[in-house]
Each structure stands twice: as structure tokens, then as C-alpha cells.
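Following: one structure in C-alpha cells, then a few remarks.
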Amino acid sequence: MNDPLLAIIQAALILGLAPLVTGIIRKVKAVLQSRQGPPILQPYYDLQKLFRKSSVVSSDASWVSIITPYVCMAAMVVAALLVPVFVTASFGSLGDLIVVVYLFATARFFMALAALDAGSTFGGMGSSREMMISSIIEPAILLAIFSAALITGTTDLAGISQVLVVGGYDLVRPTLFLAFAAFFIATLAENARIPFDNPATHLELTMIHEAMLLEYSGKKLALMEMASMTKLVLFIAIAWSAFFPFGMATEVAILPVAIGLIAFLVKLLLFALAIALIESSMSKMRLFRLPNLLTGSFILAFLAVMSFYIL
Amino acid sequence: MRALLGDYLFPLMVILALCGGFSAVMLNSRNKACIGVAFGAAAAFSACGIMVAIEVLVEGPLMLSLPITSVIGQLSFGFNIVVDQLSAFFLLVICTLALPVSIYSVGYVKEYEGHYGLGRFGLLFNLFLLSMVLVVTAGNIIVFLIAWELMSLCSYFLVTFESRDTEKASAGLLYLVMTHIGSALIMLALLLLAFQANSFEFSDLKNIGLFMGVDVRSIAFILLLLGFGTKAGIVPLHVWLPKAHPAAPSNISALMSGVMIKTAIYMLIRTYFDFLGINGPGDAWLGLLFLLIASISALIGVLYALVEKDIKRILAFSSIENVGIILIAFGAAMVFKAYGLNELAALALIATLLHVFFHSLFKGLLFLGAGSILHATGTRNLEKLGGLSHRMKVTSVLFFVGVLSIVAIPPFNGFVSEWLIFQSLLLSFSLNDVLVNLLVATALGMLALTGALAATCFVRFYGMAFLARPRSREAAEAKEVPRSMLLGMAVLAALCLLTGLLSTYIIPTVDQVTAPLVGTSIAGRLAGGLVLQTPVSSFSSMSPILISIVLLVALPSIYLIATRYGGRRSERVGDTWDCGTPLSERNEYTPTGFTQPLKRVFNGFYHSKTSTSIETGSDPYLRKLSFETSIPEVFEDYLYRPIAKIVTGLARKGGVIQTGSIQAYLAYIFVILLILLVIFR
């Protein structure tokens, strides 16, 4: 379904829920580690606080640093318009899944450049490592969603979920599981989660994502944080709607939409729990062990496409 | 008989190029006049070329011939020019790039004043443009071969223009050798076709493949692949490209990378689709061969671009990568055509042509930008650049547009062509041959990997050249380049954005070009209003213009919300966080350091050699540490050197008979004569 109005509602939902998901993950992690942890709503308070703070800009920075937070956030907003959440509709004529992946690439591209902009060593380190990870994980993401596209005969995300929901379990093939596994690893890698990166670290030599944001403060930092929280929810939404969209409404009526909403929230919680569990039970990997896992994701995605043809 | 403007404009173009070139030589000593005449003529030439191309695309083909006919054997031929739709498209591509490059050159060649002859440059520049135009408009094999040779020679002399630099001279020599090996293969292949058709005229060669034996046809296919592949720069025939393109003056590099290598793509499309024809599943192997070679070529190109330090060599390797991407689409078009899926073949061929066009725009822009960096700093070494965005503000913005296009950021033009290529590869699922499906899927994976690596490559390029602090005095003292150079780049930057946004309006024209080649027109379904969609119903759709509208709404609203929410807050300028130690350019990440992680990941490919040495002097606390890393040139070392060794070895062996004594030579002649008399008695 191509429905700009529904797309805007769903995008607003994603943006609104983004800090909450991060809050839930942090809370669950805290509980698992027998800490009390900050309140679930803490990310909202953090953002609010950051928006009220003045900021410092590096004297070496250029216009790239200035526009990056807006570009990153804008890319996430546009991507959010293309991802169905509770009903199989999106702003489809705007673009398909390839566009979504390239919007993520846009945000990453600007962020990596902004990290280099101030000339700090940490920025360079973060940028270099982020680009290494993304060079291998982006093709994995593309191949994973291509296998969903091959099964459903469309690359439009709303279309994919529509076909899967209507087709039901007949369409669930090994391809989908392989692709989902690849996409799950990619979600961890792209969103700077353990074992790829530690979102809580402030030890400079191990940071990847945080190192890139080191020079941002105040409102700009708030935008960058918001963009990365949104990105996580977008990845979760894509993971469910491209591979297992069951429960999603196919028409705009009260009952299906309510079921769709509940299904989405449950899935969101499940994913957040999974991430929190992984983060509590694993440690961050050494940088040069990451490629094994990254290529693992790439190969899973590749096998997913292959299995579509062979099986 | 229709009266076409082109009937007059095309001869005018030839006159302009020749007059402009030769008057530049006459005015050699008067710098200003020489530059004005040479590049004024070139700009007028390109403007006429654009008009001719557009007229042909709208009105239909143009035919011209000089009243000269010659005879070779029993075959007569004239000096025929035929501008059909395909030629017109490439004419448009060449001239659209040539116009801004001519403007740019006005400022750029000033640095040659007093060092090298400007007149010679003007002549070669004009002849180079003319030869490229003749290559894509030649109406028969003879005209084509003459133009092809002229193009190779002009570009050779331009590559070695800075002749006092011995490295450039040797790069030129390698180029000359490689290009002539290619020319020999092309000549062989085209003569094979000519004998089959008993004519040199391209019009008689149409669909000649139908009348050829399978073996001869396959040989022709392979010869053309190798011949034109050398010019296009597919791995492993690419070795000349990363040496010759950087050696040439930057405006010439822009033309060579932007359009010269595309003339090979033109001839591949012309010979494969027009002459030999792709008929039936028996020809699918050829498409698959292209997919394989092209995807390897793209990946290897980008892997080398990642670790290169010379800014122009990075761009040259990136051209190898992009030619790979173009040929992936071309291979897909062949596979689809072979299986009779003409609509998908049309989609893939449209994607091929669009990427040809778009790549010429952004690679032209990037090479001009690299030229500006070279002009301003005098160095091509990325390790010595940095911080140029503060000193060259306009250049940094224009160059950024080129970078956004090449890494396929929506809605810039590179994204549109890449999206179409992805779609055409994905749609291969409608083929019912598992092996073909798997191979296409492999190409898809390689293409995705290539795209992601290219993004890293250009983050490194832009970040290291334009951002942070200068890494050398040259970079710290850089000044903005002259207006004419900025104008040339600005035109290309505007085109990069506009062609992406308005791609739905360009596609119907491109469809007209491909329709006669694949036998079906898909414009109606591919580009509907603002939205691009695949010809297979509801497979996917994308609208570059809508994306940019939404972005244009989102960006200012986010800015407004961010500044309003929480009240206006002050913004201080401070130092970069430095952990308390004063930050200098030595703390910055270097280009080598930036891709070191990736180099380690792909070290199975690079086989890089590193060595660390520690020198202790008289003071036990002060030691000198040096670190060195190098990447062997695999193709040169393991492929070309052994061949060159064998060839020179054989030549030396053969040299035994060259004794230098006249009696021996007379004896040779006598023996040969005897043998000939015995054979042909």
C-alpha cells in the first residue's frame, strides 16, 4: 500500500519510540547485571537536557561538521517514512528497501566524514573502524533484503510484508531464516552493539561509534544520539517487516491495526531483550576478530540468496 | 530529404577543431590568445556536438559523407559519418563533458606557460576531442580505425605532455604498447566481420552475426572483448590505466576517464548488439563471462583504490571499478537478451548507458577537482594534504557533490544508475536456469561489496584531502583556484545533481537509443512521471525527485526544531579534544592508517609487506623508529613481467642472426628469395 498519511503516522511512532527502546535495553541490561539502572525514560531526559545545553565547535571543523547532524537525522526521517510498522503501508512511491539502505549509508557517510573533520585521533579511529565494519556489513544487509525481495517479488518493504502476511506460513522458507540471521548480526554491527562495539564505553581506544561523536555537544549531539536511536528501531522494524511481518494489519480497520500495533510492540520488546541478553552475556570482540563475524553475516546472506534458487 | 541542422553543424565541428588546434600552434608564443583560441574552439565544438546529438535523438539519424572513395581489394569505401541514436547518445556524453572541461582548461593550463608549449597542448586537445567524436560517429570500419588510432595517439601525446618527467614518459610508453595490442585485436575482429559481409560499411554489418559460423562468431566476440577491454580497462588488461591517467594533465585525465574509455563501451554495444547480435540461449555464456570479468574487475579496482596514496591514481582505479559496474549491467543485458527477455535486457542496457553518462559527469568532476588540488598544492600525495576545505571553500563544496554522486547518495545521479543496475540484476529471478541465477546473484553480491568499499574509499579521499588539519606546508598554503576552473567544475556539479533528479525525463530518451538494439521499448513503464519503476509490474519503484523534496522539507524543519526546542543556545568555538597533549597534524589519522583495518581484512588479496626498523643512536633513550608498508603490483609482477621477459628473451635469441655483416644479410635475402620461389612458383 502506498499511503503517505499512514507512513507519516508510522514514522512518528518510530521516532517517538526510539529513545524508549534504548531505555528498555539499558534497563534490562542493568537488571541482568543486578544493578538498579536508570529509569526507562532516561534517554528522553538526556535528549531534553542536551537540547538545553550550549555547545562547543572545534576550530578545525568545517561546514561538514555543521550539516552532518541535520543530514543524519533527515536521512532517518526519510527512511522511517519507508518502513511499515503496524500496517503494511509506507510512502512506497518515494523508494524501496534499496533506498532505505542507501539512506543509512548516507548518514554513515556524513558521520564518518564529520568524525575526521575536527582532526582528532579518536575521530579518525572511529571513522576508520566504522567504515571497515560497514564495508562488509552493508553488502550483507543488501543481500539479506534481496532474498526477502526474491521470495515476495518486490523490493518495496510494504509490498514484502503484504505478500508475506497474505501468503502466510507457506512462504516461510529456509531462505528467510538465513536472511534474518544475517540481518540480525548486521543490526548489532550497524547499531554499535556488543560484540562489535560497546555503546557504554568511554575508553577511547575501544570506541567506534562514540569516538565519531566525540566532538559533538549540545543540540548537535542530541540530534546525533536521536538519529542513532532511531536507526536501531528502524533496523528492528525492517527485520520484522521484511522477514516475519506476521500480525501486521493489511487494511486500515480498528481490530487489525490494534493487533498490528501490539504485535509490533511485542516484537520490539523481544528484539530489545535479545540485544540486552547478548550484551550481558558476551564481551566486546577484539577489533580484528570482528571481520570473522562480519563475513559470517555476509556469507549467511549470500547463502540465503543462493538457497532461494537451489531449494 | 530532411534538412537537419546537423548537416551544417557537424562539418563546422570538424572545421572548428582543426582551425582551433592549428591556430593555437601559430599563436604559441602569445599565451593569452593561444589559450583563448584553443579552448574557445573546443567549447564551441562541444556546444555544436551537444546540439547535433540532441537533434539526432529527437529527429532521427544523420548521415554525411565526403566525396572521396577508395578501394581496398574489391571493397570500396568512402569517408562516411553516420550519427544514429546510439552514436548520438555517446556524442552527447562526450560533448557534455568536453564543454566544462574546456572552460576549466583555460585556468588550468596557465601553469604550463613558459614550461611547455601551449600551442601543442591546444592542438592535441582539439584533435583528441575530434577523434573521440569521430570514433563514435564513424560510418564504416576504415573511418573508425583511423579515428581510433588518432584518439590513441593524441591521448598518448597528452599523457606524455609533461615530457621532462621520465616517469610520465614510461607510463605513456606502457599505454602506447597496451593500446596497440588492443587495436590489433580490434582490427582483426572488425576485418573478420568485414570479410563476412563483404563490406566495410557499418550499415551492411548489421546483424551479420546471423550469417556467421558459430566458431568464427565466438572468436569475433572474444577478440572484441579483449580489444575493447584493453581500452575500457578491465582487469587484467587495465595495467596501463592507473599509470597513464594520473600522468596526463588533469583536464585530460578527466576526458580519458570520463569519456575516452567509454568509447570502448560504445563499440562493445555496437558490435555485440548491432553487428553480431545476441540470439538465443546459446549466447548466454557471453553475458555470464562479462558478468564474471566485470564483477572481478569492479572489486579489484576498488580494492586498489582503497589503499592508493596518489589522488589521481585513486580516481583511475575507481574508473576501473566503474567500468566494471557498467559492464556488469552490460553482461546482464546480454544474458536477458539471450534468453529472450527483451524488456529486462532493455532495462539493463538503459542502466548501462545511464551509468556511462553519469560516471562521465562525476568522474570528470572529480578529476577536475583533483587537478585543482594539484594546482593549488603541487602535490598528488594524499598523505600531504588536509584542511583544504578552509582554504578552498568552493572547490571543497563542488568536489563534495562529485563524491556524493560516486558513492551513490540519493538523490544524486550515481544512485539512480546503481539502483537500476541492482534492479536489473534482481529481476534475473525470472530466468529459469539455476546456474545462471546463481552467477547473477554472485555478481549482485560483488556489486554490493564494491559499492560499500567505494564509500569507504571516498570517505578517506575527501576526509584526508579536505578536512582536518593540513599535513604539509604545501597544503597549508593552498589558495583557491581561478574562476574558470571553478566554473568548469560548477557546471559538472550542477549536472550531477540535475541528471539524478530529472532522471525520469532522461530515461525515455535513453530508451529510444536501446529500443532498436533490444527490440522493445519500455520507457512508458520504466519512468512514470516522477517515479522510476521496473518494467515488471509492482516489483519496485523509486523517485529521486520525491526523495529530494522530502529531504528538502525535513532538513530545514529539523534545523528549526533543533534550534527552537530547549531555547536558543550559544555555540562556542574551541579546540578539538586532545587529551591534554597539544594537537598537531602528526596526531591526525593518516590515509594509510585509515584503511589499515580493511587492508588487514583483505590481506589475502593485497599481500602487503610491512617492515619496522629501530635504530639506536648514541643516546639510549632516543631511538629512531621507521615503518614501511608496500603492496606488490600483482598483475605487473606475475603476469606482465614474465610475458615481457619471454618476449625479450625470444627477441634476444632471434637477435643471433643479426651479425651486422652485410654478407650475412645478403645471404638471408637470397635464402628467402629461394624459398619464396619454390613456394609460389
Worksheet, complete the sentence: Each residue of A:282-288 has, on average, a number of other protein chain C-beta atoms within 10 Å of its C-beta equal to 1
Worksheet item: Quick one: if the Förster radius is 41 Å, what FRET efficiency do B:I296 and A:R173 give, using the C-beta to C-beta distance and rounding to 0.05?
Response: 0.85
Worksheet item: With Rg and the Kirkwood Rh both taken from Cα atoms, where does Rg over Rh land for chain B?
Response: 1.00
Worksheet item: Taking the Cα atoms only, what angle lies between the long axis of helix A:97-117 and the longest principal axis of chain A, rounded to 10 degrees?
Response: 10 degrees
Discussion item. Could you compute the net charge surrounding A:F271? Neighbours are other residues with a C-beta less than 15 Å from the C-beta of A:F271; K and R count +1, D and E count -1.
Written reply: +4
Worksheet, complete the sentence: Most packed first (mean Cβ within 10 Å per residue), the peptides B:207-219, A:179-191 order as A:179-191, B:207-219
Fill in: Distance-filtered residues of region B:178-206 - backbone nitrogen under 17 Å, label point 7 angstrom along B:S76 Cα→Cβ
B:198-202, B:204
Worksheet entry | Convex hull per residue volume in Å³, alpha carbons only, for region A:220-311 | 169 Å³
Worksheet entry | Label-point separation in nm, B:I219 to B:D7, each point 7 Å along Cα→Cβ | 4.4 nm
Discussion item. Hydropathy at least 1.6 by Kyte-Doolittle, axial extent at least 18 angstrom from the Cα trace: which helices of chain B, defined as entire DSSP H runs, fit?
Written reply: B:5-26, B:85-108, B:118-137, B:141-159, B:284-307, B:393-406, B:434-466, B:483-501, B:544-564, B:662-679
Worksheet item: Taking the Cα centre of chain B as the origin, how large is its charge dipole in debye, to the nearest 20, when only Lys and Arg (+1) and Asp and Glu (-1) carry charge on their Cβ atoms?
Response: 1200 debye
Worksheet item: Once fully extended, how much extra length lies between B:E111 and B:N381, figured as 0.36 nm per residue of separation less the alpha-carbon to alpha-carbon distance?
Response: 95.3 nm
Worksheet item: Which of rounded, prolate, oblate describes region B:57-188, given a ≥ b ≥ c as roots of the alpha-carbon gyration tensor eigenvalues and a/c under 1.5 marking rounded, otherwise prolate only if a/b is larger than b/c?
Response: oblate
Fill in: Size of the A/B contact, given as accessible area buried on both chains, probe 1.4 Å, in Å²
6800 Å²
Fill in: Hypothetical label at B:R473: residues of region B:361-379 whose amide nitrogen lies under 16 Å (7 Å Cα-Cβ projection)
B:377-379
Worksheet entry | Relative packing of peptides A:33-42, B:104-113 - highest average C-beta neighbours within 10 Å first | B:104-113, A:33-42
Fill in: Shielding by other protein chains, B:382-388, mean Cβ within 10 Å
1
Discussion item. Expected output is a single nm value to one decimal: the length gained when fully extending between B:Y505 and B:R164, i.e. 0.36 nm times separation in residues minus the C-alpha distance. What is it?
Written reply: 118.0 nm
Worksheet item: How big is the Cα convex hull of region B:634-679 in projection, averaged over all directions, in nm²?
Response: 4.6 nm²
Worksheet item: So what's the angle, to the nearest 10 degrees on a 0 to 90 scale, between helix A:254-281 and the longest Cα principal axis of chain A?
Response: 50 degrees
Item to complete: Can you spot the lysines whose alpha carbon is less than 27 Å from A:K53's alpha carbon? Ignore those fewer than 8 places along the same chain.
Response: A:K27, A:K219, A:K220, A:K231
Item to complete: Specify the angular offset, from 0 to 90 degrees and rounded to the nearest 10, of the alpha carbon long axis of helix A:4-32 from the longest principal axis of the alpha carbons in chain A.
Response: 60 degrees
Worksheet item: Between A:V56, A:V99, A:V77, which gets the highest mean-square fluctuation from a Gaussian network model of chain A, Cα cutoff 10 Å?
Response: A:V56
Worksheet item: Rg/Rh for region B:437-576: what does it come to with C-alpha atoms and Rh from Kirkwood?
Response: 1.08
Fill in: Computed over chain B: relative contact order in percent, which uses C-alpha pairs under 8 Å that are six or more apart
11 percent
Item to complete: Calculate the spin-label point distance for B:S65 paired with B:F605, positioning each point 7 Å from the Cα along the beta-carbon direction, and give it in nanometres.
Response: 5.0 nm
Worksheet item: Taking 0.36 nm per intervening residue step and subtracting the Cα-Cα distance, what contour gain separates B:S626 from B:A644 on full extension?
Response: 3.0 nm
Discussion item. If I model a spin label as a point 7 Å beyond the Cα along the Cα-Cβ vector, how far apart are those points for B:S618 and B:F670 in nm?
Written reply: 7.8 nm
Worksheet item: Where the Cα atoms of region A:4-310 are projected onto their three principal axes, how long is each span, largest first, in whole Å?
Response: 57, 43, 41
Fill in: For the protein assembly as shown, alpha-carbon Rg and Dmax in angstrom
29.6, 107
Worksheet item: Order of B:556-566, A:268-278 by packing, highest average Cβ count within 10 Å first?
Response: A:268-278, B:556-566
Worksheet item: Cα gyration tensor of region B:516-675, axes a ≥ b ≥ c as square roots of the eigenvalues: rounded (a/c below 1.5), prolate (a/b > b/c) or oblate?
Response: oblate
Response to the item:
The answer for the net charge of residues other than B:R568 whose Cβ lies under 13 angstrom from its Cβ, with Lys and Arg +1 and Asp and Glu -1, is +4
Fill in: Average partner coverage of A:46-54, which counts Cβ from other chains inside 10 Å
3
Item to complete: Pull up the DSSP beta bridges for the protein assembly as shown and report the antiparallel fraction as a percent, rounded to 5.
Response: 80 percent
Worksheet entry | Neighbourhood net charge (11 Å Cβ-Cβ; Lys/Arg +1, Asp/Glu -1) for B:N31 | +2
Item to complete: Bin width 5 Å, alpha-carbon pairs only: give the P(r) of region B:266-310 as whole percents, running from 0 to the bin holding the largest distance.
Response: 5, 18, 17, 19, 13, 10, 9, 5, 3, 0
Item to complete: Calculate, for A:I278 and A:Q48, the FRET efficiency according to 1/(1 + (r/R0)^6) with r their C-beta to C-beta distance and R0 35 Å; round to the nearest 0.05.
Response: 0.75
Worksheet item: Between A:V257 and B:E571, what is the FRET efficiency for a Förster distance of 41 Å, r being their Cβ-Cβ separation, to the nearest 0.05?
Response: 0.40
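The values are calculated or read from the model by the stated rules, or taken from the named source; none is laboratory data. Not measured: the values here are computed from a predicted model. Quick reminder, even Gly has a Cβ in these numbers, built from the backbone with ideal geometry, and neighbours come from all protein chains shown. For accessibility, only protein heavy atoms count, side chains too; no ligands or nucleic acids. Shrake-Rupley method; radii C 1.70, N 1.55, O 1.52, S 1.80 Å.
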